[in-house]
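Below is one structure, written out as structure tokens; comments come after it.
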Amino acid sequence: MATPPPLRLVAALLLLLIASASAPTARADLVVTRADRKVDLTSHIVRVLSSLKVENSGPEAISQFLLAFPNVQAKNLAAIRAFGTEGKVKGPSTVLPIEVVQPSGVPPELTFFSASLSKPLEKGKTLHLDVLTVFTHSVQPFPEEITQAESQLVVYQDSAQYLSPYPVKIQTLSIRLPGGRVESYTKYPNTKLADSELKYGPYEDLPPFSYSPMVVHYENNNPFAVAKEVIREIEISHWGNVQITEHYNIAHGGAKLKGEFSRIDYQSRPYIRGVSSFRHLIARLPPRAHSIYYRDEIGNISTSHLWSDSKKTQLEVEPRFPLFGGWQTTFTIGYGLPLQDFVFNSDGKRFLNITFGSPVEEILIEKLIVKVILPEGSKDIDVSVPFPTKQGQEVKYSHLDIAGRPVVVLEKPDVIPEHNLYFQVYYRFNNISLLREPMMLITGFFLLFMACIVYMRTDMSISKNSPSYLAKVQWDEVQSIIQQIQAIFDQCLAAHDNLESSLHNLSRSGDVKSCKVARKAADAQLKELAKELKPLLTSLQSSPQSYQIWPKVEELVAKERELQDKLMTKHSTVVDSFEKKLRGQDVENRIAAQQQKVAALRQEVESLLEYISEI
């Protein structure tokens, strides 16, 4: 079995013994007749409740009570509260203010807190005092790394005797463990381990600053949920809603996972092959919470469960994967609350009354940022928080905002469930400001509709007498003429193709008569097309908008006529050769030069047509 780490508090023991000899005599006026401590180690947040019975045995009244902690323990102190009541019989108690003090004649290795009594404790009187202290990072995993199948073992260090600057007549210590096995614990006289409770004492007649180091090494597989940072946004809308948005960055603060993670082993036996991990967290929301969502950067997370009744709303959030030691995840929880349940009126001002901390159970937040987003136009802002926080203000711009919405920013480290107390944000807000955004929308839509009406009723066409309109009309006419010219030339090329086809038929069949008929039909068609083309060319030439395209049209006409002449010459040569019954090779030799010229002209004509079409 592994040996627990060295005691960090042993060095403080000698200092405490020295301090007991040098303590001021005024402190001997108070005697702790009984001190009962209860330490809760069921989670990673340590809670210590000390029930003290104090008697004033001195001649003068006492107005404060000192509480002492070693510095190594005080640095992890997240919250401390004291409740007192005077009398031999314990009755209703009142909250006592506590502040850090540094009495004279004590070593600097100790941190002292002073609880101010509601009224001075007279000679011979008795005071019942309950002190609740909450510590973070006081439970350390040991070993620091474990495999997936191993249980998590942790170490807690404290004193078996109550550390006090006053003498203690009787004291006891009870430590509540989470269950499971206990590897080891420090044994003193009157030490007893029964089930999940470890008891020390009673010990009698202890001098001031008595201290006995104690270590407990035990199994704790409860969730060690540690949030590196939580940003909590509370946005107030006087239209009837308070919107809460909480951004979490959570890690498992326990023993880190050693080795590989097996999903198959975990799914088959999650309570054996993943006993140290946690799969879900519980968030206790206000009773009338609505529009609840749970998502992360990927999107909505469906592995969540919600229960609600008239007294509470409970949300169980389950991350996308189980969290082992050292693993972390991020997610967002959002929900709405009724305005009338959390915003009230007082002395002409409104105030928000809502809890400060996170609704997630047993979570340690190393850095909590609370942002209260007030409606635009809020002023005279004041904040009341029941504990020290870092405060600031900023501005947030949202839809239809002009000056922006004031934002109260509260920041606090080491936030625990005990900090989930109500705080107040006071501000002034004029109800007329509620009409600002609706009036902006109404005005915007009115102007839009008016612009549409004006646009629909205004003649936006160009005047028919303007030069630009005339130029547009002339250009449209040019385009129409060009399209007709293109159609005529397409027909001319089709006639040329018919002539070529008749020559191919002649070479196969030798029918000269049919070839001459085709020539005659092509001549007639080409003459008819030439008649149709002539007025179009005249109109195009006379248009002022044709200066760009006319040279190309002229060139096209010339090339087509030349192509037509060459093709007719070729046709006549072939027919004459067949009438003279020349050999095929002789015919090919006679028309070779003509054929080459026809092909070149045909390509030029088609290129000019394509160019004109693009224009």
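The values are calculated or read from the model by the stated rules, or taken from the named source; none is laboratory data. Nothing here was measured: the structure is a model prediction, and the numbers come from that model. As a convention, Cβ positions derive from the backbone with ideal geometry for all residues, glycine included, and neighbour counts pool all protein chains shown. What goes into the accessible areas is simple: the full protein's heavy atoms, side chains included, and nothing from ligands, DNA or RNA. Shrake-Rupley method; radii C 1.70, N 1.55, O 1.52, S 1.80 Å.
Descriptive notes on the structure:
- Condition check for Leu567: of a type outside the set (D, E, K, R), assigned by the TED database to the domain that holds Gln484 and touching a Phe, Trp or Tyr at 6+ places or on another chain (Cβ under 7 Å): no
- Matching residues in the range 520-560 - criterion: being within 30 Å of Val574 (Cα to Cα) and either of a type in the set (A, V, I, L, M) or in contact with a His (Cβ under 6 Å, 6 or more places away or on another chain) (or both): Ala521, Ala522, Ala524, Leu526, Leu529, Ala530, Leu533, Leu556, Val557, Ala558
- Annotation: Ile432 fulfils all but one of (1) exposed (fewer than 15 other Cβ atoms within 10 Å of the Cβ); (2) farther than 16 Å from Leu400 by Cβ; the unmet one is (2).
- Candidates Leu529, Leu536, Leu506, Leu499: the one that is modelled with pLDDT under 80, assigned by the TED database to the domain that holds Gln585 and open to solvent by less than 70 Å² (accessible area, probe 1.4 Å) is Leu506.
Residue by residue, here is whether (1) open to solvent by 20 Å² or more (accessible area, probe 1.4 Å); (2) out of contact with any strand residue (DSSP E or B) (no Cβ under 6 Å at 6 or more places or on another chain); (3) in the same structural domain as Tyr166 (by the TED database) holds:
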{"site": "Gly58", "(1), (2), (3)": "no, yes, yes"}
{"site": "Ile62", "(1), (2), (3)": "yes, no, yes"}
{"site": "Gly87", "(1), (2), (3)": "yes, yes, yes"}
{"site": "Leu96", "(1), (2), (3)": "no, no, yes"}
{"site": "Leu110", "(1), (2), (3)": "no, no, yes"}
{"site": "Ala115", "(1), (2), (3)": "no, no, yes"}
{"site": "Glu122", "(1), (2), (3)": "yes, yes, yes"}
{"site": "Leu132", "(1), (2), (3)": "yes, no, yes"}
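- Selection status of Val553, part of a helix (DSSP H, G or I), assigned by the TED database to the domain that holds Ile485 and surrounded by 15 or more Cβ atoms within 10 Å (Cβ to Cβ): yes
- Of all the residues in the range 317-335, those that are surrounded by fewer than 16 Cβ atoms within 10 Å (Cβ to Cβ), in a loop (DSSP other than H, G, I, E, B) and not hydrophobic (A, V, I, L, M, F, W, C) number 2.
- Residue check for Gln314: part of a helix (DSSP H, G or I) and open to solvent by 20 Å² or more (accessible area, probe 1.4 Å): no
- Strands (runs of 3 or more DSSP E) wholly inside the range 183-222 containing at least 1 residues that are surrounded by 14 or more Cβ atoms within 10 Å (Cβ to Cβ) and under 45 Å from the mean Cα position of the chain (by Cα): 197-206, 213-219
- None of Leu173, Leu163, Leu177 is within 38 Å of the chain's Cα centre (by Cα), buried (at least 17 other Cβ atoms within 10 Å of the Cβ), in the same structural domain as Gln64 (by the TED database) and touching a residue at least 40 places away in the same chain (Cβ under 8 Å) except Leu177.
- Scanning the range 110-166 for residues that are in a strand (DSSP E or B) and touching an Asp or Glu at 6+ places or on another chain (Cβ under 6 Å) yields Ser114, Thr126, Leu127, Val134, Leu153.
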